[in-house]
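Novice: Take this structure, written in C-alpha cells, and hold onto it; I'll ask about it next.
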Amino acid sequence: MLGAALVLGTGLSGCAAGSHAASHPATTVGVSIQDFQISAGATRIKAGRVTFVVANDGPSTHELNLDRTGLPADQLPLDPTGLQVDQASRSLDRQGSVEALGLGASRRLTLDLAPGHYVFYCDIPGHYLSGMHVSVDVYP
C-alpha cells in the first residue's frame, strides 16, 4: 500500500505547515498508517523541504503527528490518562500533523525539517500504545 500512497499523492491537495519557499524541490516520502502500525517509505531523510504523502490504510480513523525529540519512538511521555502522548511535554517539539484522516483518505504535509531525530505517531487514544509510532532521522 505504501507505493500507492506515493502515486496517489501527486494530485492531492492537503495541508502545509512550516513550509517555506525553497529553491529546490521537496523530497517526497510516503507514509502508510493502519491498525496498528506506521510505515514510512524512508526512515532516514535529508534535511530541508520534505513532503509526506500520508495514506490511511485503515480500518479506522487515524492521525499522524511529527515531533522532533531526543526520545526513542516507544518512550514518549504519556498524559495523565496513560492512553495518549503528553503533547505538552517539553521533550517534544511538534513539527506538523495530519488530523482525523478517514479510512482510504490521503493528505500531503510539507515541512522544512532540520537535522535531528523525529518520531511519527498516531495519538488517537490507545493507538500510540498499540505500536503506532516510528523513528525517523533527518541528516544534514
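Every number in this text was worked out from the coordinates using simple rules, so none of it is lab data. Computed from a predicted structure; not experimentally measured. Using ideal geometry, Cβ is built from the backbone for each residue, glycine included, and neighbour counts are taken over all protein chains shown.
Novice: Quote the convex hull volume per residue of region 82-140, based on C-alpha atoms, as a whole number of Å³. If you can, show how the numbers build up before the last one.
Specialist: Numbers: hull volume 6.2 nm³, N = 59.
Enclosed volume per residue, from the Cα hull, is 106 Å³.
Novice: Which values, in whole Å and largest first, are the semi-axes of the equivalent ellipsoid of region 39-140 obtained as the square root of 5 times each eigenvalue of the Cα gyration tensor?
Specialist: For region 39-140, the semi-axes come out at 20, 18, 11 Å.
Novice: If you take the square roots of the eigenvalues of the alpha-carbon gyration tensor of region 63-116 and sort them as a ≥ b ≥ c, do you get rounded (a/c under 1.5), prolate (a/b over b/c) or oblate?
Specialist: Oblate is the answer for region 63-116, as a/c is 1.5 or above yet b/c matches or exceeds a/b.
Novice: List every residue whose amide H lies under 5 Å from the amide H of LEU78, counting only residues 5 or more places away in sequence or on a different chain, with H placed 1.01 Å from N in the peptide plane.
Specialist: The answer is ASP86.
Novice: Can you tell me the order of 72-81, 29-38, 42-51 when each peptide is scored by its average per-residue count of other Cβ atoms within 10 angstrom, highest first? Write out the running numbers ahead of the final one.
Specialist: Values: 72-81: 13.5, 29-38: 20.5, 42-51: 16.1.
Result, highest mean Cβ count within 10 Å first: 29-38, 42-51, 72-81.
Novice: Let me ask you something else. With each pseudo-label sitting 7 Å past Cα toward Cβ, what's the GLU99-LEU78 distance in nm, one decimal?
Specialist: Placing both labels 7 Å beyond Cα along the Cβ direction yields 2.5 nm.
Novice: For GLN37 and ASP86 in the same chain, what is the full-extension length gain: residue separation times 0.36 nm, less their Cα-Cα distance, in nm?
Specialist: Taking GLN37 through ASP86 to full extension adds about 15.7 nm, to one decimal.
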